[in-house]
Each structure stands twice: as structure tokens, then as C-alpha cells.
1. If you take the residues in the range 220-251 that are in contact with a helix residue (DSSP H, G or I) (Cβ under 7 Å, 6 or more places away or on another chain) and among the aromatic types (F, W, Y), which one is surrounded by the fewest Cβ atoms within 10 Å (Cβ to Cβ)?
2. In the range 49-63, is there at least one residue being more than 22 Å from T241 (Cα to Cα) and among the aliphatic types (A, V, I, L, M)?
3. For a quick check of your reading of the model, give me the residue pairs whose first member lies in the range 48-74 and is under 24 Å from D139 (Cβ atoms) and free of Cβ contacts under 8 Å to residues at least 60 places away in the same chain, whose second is part of a loop (DSSP other than H, G, I, E, B) and acidic (D, E), with beta-carbon atoms closer than 7 Å and at least 6 apart or on different chains.
4. Condition check: modelled with pLDDT under 95, among the polar types (S, T, N, Q) and under 25 Å from V154 (Cα atoms). Does T48 satisfy that?
5. Name the residues in the range 206-234 that are part of a loop (DSSP other than H, G, I, E, B) and either basic (K, R) or free of Cβ contacts under 8 Å to residues at least 24 places away in the same chain (or both), would you?
6. How about the range 187-216: which of its residues are of a type in the set (S, T, N, Q) and closer than 16 Å to Y232 by Cβ?
7. Does A217 meet the test of being of a type in the set (G, A, S), touching a Ser or Thr at 6+ places or on another chain (Cβ under 9 Å) and surrounded by fewer than 18 Cβ atoms within 10 Å (Cβ to Cβ)?
Amino acid sequence: MRSTALLITFVLIASFTLPRFAAAQAENTLGTLGAGVAGERTTPANWTPPPGPALRLANGKPDFSGVWDHPYVPDMSITNRRDPGLQKGPGTLPYTDAGLKNIKEYDPDKNGDYTAMCMPFGLVRSINAPYPIQIMQNDKYIAFLFEQSTWFHVVPFKDRHSENPDPKWFGESIAKWDGDTLIIDTIGFNGWTRLDTKGDPHSDKLHLVQTFKRTDAGHIAHTVTIDDPVYYKQPWSNERTWTLTNGELLEYSCEENNRPLWEGRLKIWTPPASEPPRGPNVIGAK
């Protein structure tokens, strides 16, 4: 099973070439991921998305293939103040007592943050990042290729999840159709990541449901619904609009060379219940 999945991933990614390369710094622990305003798109001003109806595959389903720009969402609770149609949050989040305690105590400068270690952001935080996402699709799989740290997430079309999915940074996703609406249903998270740059928490009990509806040739209506009984009293959603771009993904290289980290100005992050890293060059190592 694992070798088959790796082969499928290789074929999907190898079917296109990234013609340009760029080095970029990982999201830092002070919550200043990228430039721009929360919810703002980064599509060039002189680019006009193609008009007309949504494209379709040979099987009649909408074709989501392409490189898509999407809103940067560092705080999922808020709404884009200039264009609510571009990104809409629910307002105050329905934290449980545990959730409220967690977000109040979240201090990445003091306690560390996994993104400073170039660890995987997790599925939701990767989608919230201000960099394009390429979608590749056929009858059996849909793949999300993130410019953020050159990550990928391959999702099979199937009816149900594994009985006991292994905990993962990006969870275990399955894809389904509801008419022309694509549904990505994800469980099996390791609970180590956060939802956004602000630090909104989630646990390993998170049930994430995303919907994608191609409203026309140039746009996707996207919803993200968070259902996590550990940190939230009820499910809540965030809505976005994706725009087809005319560019390609760039190579994003996050390396463990964050000078503030190794100089001791930022705290090293370790997974919960794990021992701190050892080594002669690690601050605080014995």
C-alpha cells in the first residue's frame, strides 16, 4: 500500500516541471507569515481570470486542475474587510474552556512553534498560507501541490476512511462528489499543528470537511469546516474564493537554518511528550 501511494505521488508530481526556483523563509513564530492583508489575494492586478462556465473532465465532473491563488488567512475568525466575498470568517470562535486556555497560553516566542523548525504546517495552516496551490485531478485521485514548503497532499476518491488511520501532519483525506461539489473529508491528524498563524488550536480529534465548487472557469468557492470537540463547542466554518492564475509554482525551500532559533532567541519546539533534541550545536543541549 505504501509503495503504491509513493508511486502515485511520484507520477502526479513528475507530470509537470517547476521551471523556476526561489528560496523562501519559513513562517516565523511571531505570526508575520508573508506580506499583505489578511484575506487579500496575491494575483497580479493585470491578470483577468478566464470567463465562461467551469471546465469538465471526460467523466462529466468539474475539472479543478490548475494553479490557484487563494486568500491568505492568518486568523480564521476574521472576514476580509475590503471584500467579504473573497474570505469570510465566523467571528468569535466557539472555544471550549480547553480551547480558550490553549489560545490564551499560546506564546510561540516563549514556547516555540513547529513552523520555525520547518516542520509540516498541517493541512489547514498550509491552505491558509499566502502561496498558490496547484490542483491535479483524474478519476481516481485529486492532488493538492502546495508552493508552501513544496508539500503535497494526494486524496483518493473513495467512500470511507481507514478504520484506524495512522496519525499524520496532514491527516487522512478522502474525496467524494455531491453533484458538482467536491468534498474533501479528513480525519487522522496527529494534533501537533495549529489551524492558523494566530495559533488557533486543534486536537487529534479534528474532523475537517472542505467543499470545492467551481463557480465558473476562473473561480472556486471553497469552504473549510472545523469540527473538534476538544477545543470548540460546535463546528464552525470559513469561506474563501480561489482564483485561477496564469503562473507556475515556485520552489519553496524551508531549511533548519533559522538563525534566531539556533542563536537562542527563539525556543526550540519539540512534539508533545518528546525529549528535546540532542547535539553539540543545539542550544541548551547537554
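The values are calculated or read from the model by the stated rules, or taken from the named source; none is laboratory data. Predicted model only: the values in this text are computed from it and were never measured. Quick reminder, even Gly has a Cβ in these numbers, built from the backbone with ideal geometry, and neighbours come from all protein chains shown.
1. Among those residues, the one meeting the criterion is Y232.
2. For the range 49-63, residues more than 22 Å from T241 (Cα to Cα) and among the aliphatic types (A, V, I, L, M): present.
3. R56/D63
4. No; evaluated as a whole, the condition is false for this residue.
5. K233 - this is the single residue of the range 206-234 that is part of a loop (DSSP other than H, G, I, E, B) and either basic (K, R) or free of Cβ contacts under 8 Å to residues at least 24 places away in the same chain (or both).
6. Residues satisfying the conditions are T193, S203.
7. Criteria not met by A217.
One line per residue, one yes/no per condition, for (1) in contact with a Ser or Thr (Cβ under 7 Å, 6 or more places away or on another chain); (2) modelled with pLDDT under 95; (3) exposed (fewer than 15 other Cβ atoms within 10 Å of the Cβ); (4) among the aliphatic types (A, V, I, L, M):
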site: E147; (1), (2), (3), (4): no, no, no, no
site: P156; (1), (2), (3), (4): no, no, yes, no
site: H161; (1), (2), (3), (4): no, no, no, no
site: D166; (1), (2), (3), (4): no, yes, yes, no
site: W169; (1), (2), (3), (4): yes, no, no, no
site: D185; (1), (2), (3), (4): yes, no, no, no
site: N190; (1), (2), (3), (4): no, no, no, no
site: T193; (1), (2), (3), (4): no, no, no, no
